[in-house]
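**Student:** Dropping a structure here in structure tokens format, bear with me for questions.
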Amino acid sequence: MAAYSFGWCEVGGASAAASGGKGVRQALAVLGAEAVGAPARAGVPAAVAVELLHTFSLVHDDIMDGDTARRGRATAWKAYGTGPAVLAGDALFALAVETLADTGHGPAAVRLTARALGDLVRGQADDLLFAERPWAGPGRVRPAEYRAMAEHKTGALLGCALGLGALLGGAPAAAVDALDRAGRHVGIAFQVVDDVLGIWGDPAVTGKPVHADLRERKKTYPVLVALDAPGLAQLLETGDRPAEAAALIEEAGGRTAAVTEARRHLDAAQASLDEVPLETAALHELRRLLDFLVRRDL
């Protein structure tokens with residue numbers, strides 16, 4: 001089941017070409033080590049651990065969200081059943097902890113990871129609760145709440161990847177903290193960009209139909225900052241006129257505000273990198289990667 005979740009095999013074990021993901025977290029872990037002057041191999045255990053944790057979170061997220069497909073094929077729970085998929089996710093989590101415990105920085109690495117996982121769980125819980133909250137009135141989701149959710153759900157593991165790489169590379173606490181903060185800011189920016197693409201993105205690039213997030217009535221950043229637009233809350237309540245809702249959100253400044261927010265957090269991530277001395281070549285590569293992650297198709 002774990003191999004299936006990574007895209008390495010089909011149900012039953014037959015070999016398959018790895019569908020994989022972007023490899024972002026692994027790259028951040030290795031660059032985190034190189035940025036503090038360590039060889040790339042110092043960051044490999046961090047890269048392995050964060051990818052195990054990321055896959056664990058996806059397996060469980062798919063169950064909670066009821067998603068039946070990921071990367072063009074059935075999700076683990078759909079292929080194997082809910083109970084077995086939960087156990088597969090738990091096994092991935094346990095293997096990640098074991099991977100870190102076996103390094104020369106085991107206690108500190110596990111503490112950093114535990115903090116990130118606590119935040120990830122909190123972010124996922126908030127995301128689930130947002131779906132139950134109203135579109136209008138005092139109980140509606142505010143942009144500040146969304147930013148906190150995005151930092152926890154998406155940014156915590158990106159920050160953990162960078163921080164763990166630096167930690168295993170022998171960096172002082174100040175460098176580990178600065179890299180962790182940079183990753184968290186990038187996580188917010190990355191999530192907000194995903195929100196923009198989820199409404200206005202090219203289906204050939206995103207793999208989802210245009211206005212997909214509006215059809216699914218997701219409370220995304222462009223929507224939340226535009227909710228005061230007359231009639232928008234009523235449109236979102238039904239989700240059956242997504243093109244009209246998208247036009248209203250854009251007219252109310254939701255798209256522009258989201259792009260501005262993403263770039264603001266990218267700038268904050270770059271500022272965090274400037275707080276501590278880092279190796280020039282690795283820092284250059286890291287800046288390029290962070291810029292690519294945030295700007296994508298904006």
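Read-outs throughout are calculated quantities, based only on the coordinates presented, and are distinct from any laboratory measurement. Everything quoted here is computed from the prediction, not taken from an experiment. For neighbour counting, all protein chains shown are included, and Cβ atoms are generated from backbone atoms with ideal geometry for every residue, glycine included.
**Student:** Only four residue types carry charge here, +1 at the Cβ of Lys and Arg and -1 at the Cβ of Asp and Glu. Report the dipole size of the chain about the Cα centre in Debye, rounded to the nearest 20.
**Tutor:** Values: 30 positive and 37 negative charges, 22 e Å.
Roughly 100 debye, rounded to the nearest 20.
**Student:** Further question: Normalized C-alpha radius of gyration of segment 206-273, against 2.2 N^0.38 Å?
**Tutor:** Dividing the Cα Rg of segment 206-273 by 2.2 N^0.38 Å gives 1.25.
**Student:** Report the Cα-based extents of segment 88-146 along its three principal axes, largest first, to the nearest Å.
**Tutor:** 52, 25, 10
**Student:** Now for a different question. Taking the chain as the reference, fit the longest principal axis to its C-alpha atoms, fit the long axis of helix 106-130 to the helix C-alpha atoms, and give the angle between the two in degrees, 0 to 90, nearest 10.
**Tutor:** 10 degrees
**Student:** How large is the Kirkwood hydrodynamic radius of the chain, counting all unique pairs of alpha carbons, in Å? All intermediate terms of the calculation are to be shown ahead of the outcome.
**Tutor:** On the way: mean 1/r = 0.0502 Å⁻¹.
One over the average 1/r among Cα pairs gives 19.9 Å for the chain.
**Student:** Could you let me know the centre-to-centre spacing of segment 270-294 and segment 1-55, using Cα atoms, in angstrom?
**Tutor:** 21 Å
**Student:** Here's something else I'd like to know. Placing +1 on the Cβ of each Lys and Arg and -1 on the Cβ of each Asp and Glu in the chain, which of GLY137, ALA258, ALA148 has its Cα farthest towards the positive end of the resulting dipole?
**Tutor:** Farthest along the dipole direction, towards plus: ALA258.
**Student:** Okay, moving on. With the Cα gyration tensor of segment 147-298 giving a ≥ b ≥ c as the square roots of its eigenvalues, does the rule (a/c under 1.5 for rounded; else a/b larger than b/c for prolate; else oblate) give rounded, prolate or oblate?
**Tutor:** Prolate.
**Student:** Using a 7 Å offset from Cα along Cα-Cβ at ALA69, what residues in segment 207-239 end up with backbone N under 16 Å from the label point?
**Tutor:** 207-213, 216
**Student:** Now for a separate question. For CYS9, list long-range residues whose amide hydrogen, built 1.01 Å from N in the peptide plane, is under 5 Å from its own amide hydrogen.
**Tutor:** Placed amide hydrogens put TYR4, ALA16 under 5 Å from CYS9.
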